[in-house]
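Below is one structure, written out as structure tokens; comments come after it.
The values are calculated or read from the model by the stated rules, or taken from the named source; none is laboratory data. Please read all numbers here as calculations on a predicted model, not as lab measurements. Heads up, the Cβs are rebuilt from the backbone with ideal geometry, glycines too, and the neighbour counts pull from every protein chain shown. Quick note on the areas: whole protein, heavy atoms, side chains included, nothing else; ligands and nucleic acids left out. Shrake-Rupley method; radii C 1.70, N 1.55, O 1.52, S 1.80 Å.
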Amino acid sequence: MKNDVISPEFNEEGRALRRIRSFVRRQGRLTKGQEYALENYWPVMGVEYESAPADFAALFGREAPVTLEIGFGMGTSLVAMAQAKPDQNFFGIEVHSPGVGACLSTAHEEGVENLRVMCHDAVEVLENMIPDNSLTMVQLFFPDPWHKARHNKRRIVQGPFAELVKRKLELGGVFHMATDWEPYAEHMLEVMSSLDGYQNLSESHDYVPRPDSRPVTKFEQRGHRLGHGVWDLMFERVK
């Protein structure tokens, strides 16, 4: 697994500014289980970055609807979703190798075969590897909210990014976002509502109840116990 990752920041217009970073897989940052998974399961489920469109049928060995998750963390929810829908393909992107290792380990333990993962910058993957009109769903759960006002421009959900996602979704495909930070939920709603070609699936034109398809994470359960809210947004590509 290659370690050179392009990690984006954003300018005032919300366009990505890139700089090369190297996420070195230091031994101290990986558990033995994660290291074992990267060495043994990456050749089966891992996908190296290439600056050319991916062939999903070849990657998964079949034709099936594809869900892309950006920033899957430790992968627990992604594996659960893939396990619950064996008739669909799931493709996950995460820049931190411990999370990738944990995801591979869990997927192997659960016997999940309809999952592929990458360790690379999602923006570059979307731009260069994901074919247009190829995704049934794009999932972005609990991205970094960049709380401070001067850092808001670094939030991944900006107009140009949402337009890029729309291009990769098939007609009728859905961009599903979730956050536990209300100001970011409001920011997402404002950005998405301003774009042509998306339709908010909320009956009240704001947020949707958490769909059964999105598992509740341990982090989210802890938040609920502390009285924290979670906001889900689902926007369908309609043109």
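Tabulated results
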item: Whichever residue in the stretch 107-131 is in a loop (DSSP other than H, G, I, E, B) and touching a strand residue (DSSP E or B) at 6+ places or on another chain (Cβ under 9 Å) and, among such residues, is nearest to residue 80 (Cα to Cα); result: 112
item: Filtered residues of the stretch 162-183 (kept if open to solvent by 10 Å² or more (accessible area, probe 1.4 Å), within 22 Å of residue 214 (Cα to Cα) and touching a residue at least 40 places away in the same chain (Cβ under 8 Å)); result: 166, 170, 171, 172, 174, 180, 182
item: Residues of the stretch 204-231 classified as part of a loop (DSSP other than H, G, I, E, B), surrounded by 15 or more Cβ atoms within 10 Å (Cβ to Cβ) and among the hydrophobic types (A, V, I, L, M, F, W, C), total; result: 1
item: Enumeration of residues in the stretch 75-110 that are in contact (Cβ under 8 Å) with a residue 12 or more places away in the chain, surrounded by fewer than 23 Cβ atoms within 10 Å (Cβ to Cβ), of a type outside the set (Ser, Thr, Tyr) and over 17 Å from residue 214 (Cβ atoms); result: 86, 87, 95, 96, 98, 99, 108, 110
item: Selection status of residue 58, in contact with a strand residue (DSSP E or B) (Cβ under 9 Å, 6 or more places away or on another chain), modelled with pLDDT of 95 or more and among the small types (Gly, Ala, Ser); result: no
item: Test set (1) farther than 26 Å from residue 74 by Cβ; (2) of a type in the set (Asp, Glu); (3) part of a loop (DSSP other than H, G, I, E, B) - residue 236 fails condition number; result: (3)
item: Tabulated pairs, the stretch 50-66, first of a type outside the set (A, V, I, L, M), second part of a loop (DSSP other than H, G, I, E, B), C-beta under 6 angstrom, 6+ apart or interchain; result: 53/131; 65/88
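Okay, residues lined up against (1) at pLDDT 90 or above; (2) more than 20 Å from the chain's Cα centre (by Cα):
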position	(1), (2)
1	no, no
23	no, no
39	yes, yes
48	yes, no
53	yes, no
